[in-house]
Structures are given as C-alpha cells and as structure tokens.
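The block underneath contains the structure these notes are about, expressed in structure tokens.
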Amino acid sequence: MIRVLVVDDDFMVAKVHSGYVGRTPGFEVVGVAHTGADAVRAVDDLRPDLVLLDIYLPDRDGVSVLRELRTVADTDVIVISAANDVETVRAAMRGGVLHYLIKPFTYAALYDQLRHFASLHRKLSALSQAGQSDVDQVFGGRPSGAAALPKGLSGETATLVAEVLRSTDDVSAAECAARTDISRVSARRYLEHYVSTGQAEVRLRYGTGRPERRYYWLS
C-alpha cells in the first residue's frame, strides 16, 4: 500500500480528499494535518510515501512547508490548492512537486495522478539502475489531469460514470444510466466523453439488430 498524508486547513475538504485516496486501490491515508507545523511533524513521525499538500495553511504557506519537508524525510508531494498564481505554481515546481492540482477538482483528476504515482513507484522500485528509456518514461509520462468537461456535463456525474466504468469489465449506456440514476442519453454523453479523451474505449456486441456499444475503462 502507498501511504498518504493529507494536508489541508479545511477539515471537511481534508475529509473529502481522504475519501478520494481511500477509494483508490493501492492507497491508504495514514494521517491528516491542518497546519504547516503539524504537516512537518506528521511527515517526520509517519514517513508517508506521498503528501497531498495545500498551499493556504493558517500558520505558514505550503511552499515553505514543502521546502522543510525536503529536509525532514524522503517523500513525494502533490500540491492540491486553490492558489493559481504563476509564482506559487513556479515555486512549487522548483520545490520538486510531482504535480499541481487546482481546486476544485474531481475525483477522476486526482485518481489519474495517484495511478501515475503508483506506476512510477512500482517502476523505480524494480530498478537498480535506470536507462535513458526508463528516465524518459518517468519524466515524459505525466498525465495532465482530467480533460475539461464539455458544456452541460457536471464533474460530480462524470465521477460517478467513471466509477461505474472502473468497477465493470464493460457497460452499456442503459446499464450505466440505471446505476447512476441519470437518463440513457446523458449516460451516453458522459461515456462518449471518456472515449474522446482516450480514457475509455468501445466494443461492439453483435446480436439481433443494431450492435450494442459496450464501454470499458482503460487502466
């Protein structure tokens, strides 16, 4: 299991992000911190593999916490924050964060980053030396996060549809509609969105009449 520390000053937001992590296979939350000082202490005590770090903390900013974490333990960091000014993003990048997610974001966006981290974690753990192709995969394979949703689609429903896709071998629009309590037409729009962004594909099931479109998630 990849051990994660969630750092956010808002107790409810920290709970939501912890829930996201807990729903992702291979990950577990080992601690939650609400201040910069608590975050540094928790990293020193718990030695997590990954920290989800907010920038706006009550006692100090997340960038200074990031710098201190580098002196405390060998842990990776993904920033999750509403801070969207370029200087903060640049400072976080210089501090060596793996990615920077701007709030609000969907579970699908965080899921992509967590799965990417898990892939890197497995790959690097299996190597004693890295060839250039290995390094290229590590530094060149960063996902950009979930693509922007087309007009009329909501992030909450998109997350529900993605969870249905991930939990089944394949699913039709009618089956997805029944499991998410939305119309068949709406379900198909969300499913086709995931196909258009390369996160899902379609299989045609042939029988009597028109072939049925079956959607499946690409892991």
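Quick note: the coordinates plus some simple rules give every number you see, no bench work behind them. Small disclaimer: the values here were computed from a predicted structure and weren't measured. Here the Cβ positions follow ideal geometry from the backbone for every residue, glycine too, while neighbour counts run over all protein chains shown.
Each residue of region 52-69 in order: what ³J(HN,Hα) in whole Hz does its phi give by Karplus 6.51 cos²θ - 1.76 cosθ + 1.60, θ = phi - 60°, with x for Gly and Pro?
For region 52-69, the Karplus curve yields 9, 10, 7, 8, 8, 10, x, 9, 6, 7, x, 5, 5, 5, 4, 4, 5, 4 Hz.
Under unit Cβ charges (Lys, Arg +1; Asp, Glu -1), what dipole magnitude, rounded to 20 debye, does the chain have relative to its Cα centre?
In debye, rounded to 20, the chain gives about 900.
Starting from the Cα-Cα distance between Q129 and V202, subtract it from 0.36 nm times their residue separation and give me the gain in nm to one decimal.
Values: separation 73, 0.36 × 73 = 26.28 nm, distance 3.87 nm.
Going from the current span to full extension adds 22.4 nm.
Among the aspartates and glutamates, which have Cα under 14 Å from the Cα of K15 when same-chain residues fewer than 8 positions away are ignored?
Excluding near neighbours in sequence, the set is E28, D54.
Could you give the length gained on full extension between R210 and E192, defined as 0.36 nm per residue of separation minus the Cα-Cα distance, in nm?
Separation in residues times 0.36 nm, less the Cα-Cα distance, equals 4.7 nm.
Where does helix 11-22 land angle-wise versus the long Cα axis of the chain, in degrees 0 to 90, nearest 10?
Tilt of helix 11-22: around 60 degrees.
Note down the relative contact order for the chain as a percent, whole number, built from C-alpha pairs under 8 angstrom at least six residues apart.
Relative contact order here is 12 percent.
Nearest 500 deg cm²/dmol is fine: what mean residue ellipticity at 222 nm does the chain get from its DSSP H runs of n ≥ 4 alone, each adding -39,500 (n - 2.57), divided by its residue count?
Numbers: 9 runs with 105 residues, N = 219.
So the calculated ellipticity at 222 nm is -15000 deg cm²/dmol.
Angle, helix 184-196 long axis vs. longest principal axis of the chain, Cα atoms, 0 to 90°, nearest 10?
The helix 184-196 is inclined about 60 degrees to the chain.
Which lysines does K151 reach when only Cα atoms under 28 Å apart count, and residues fewer than 8 places away in its own chain are ignored?
Answer for K151, where 28 Å is the Cα cut-off: K103, listed by chain and number.
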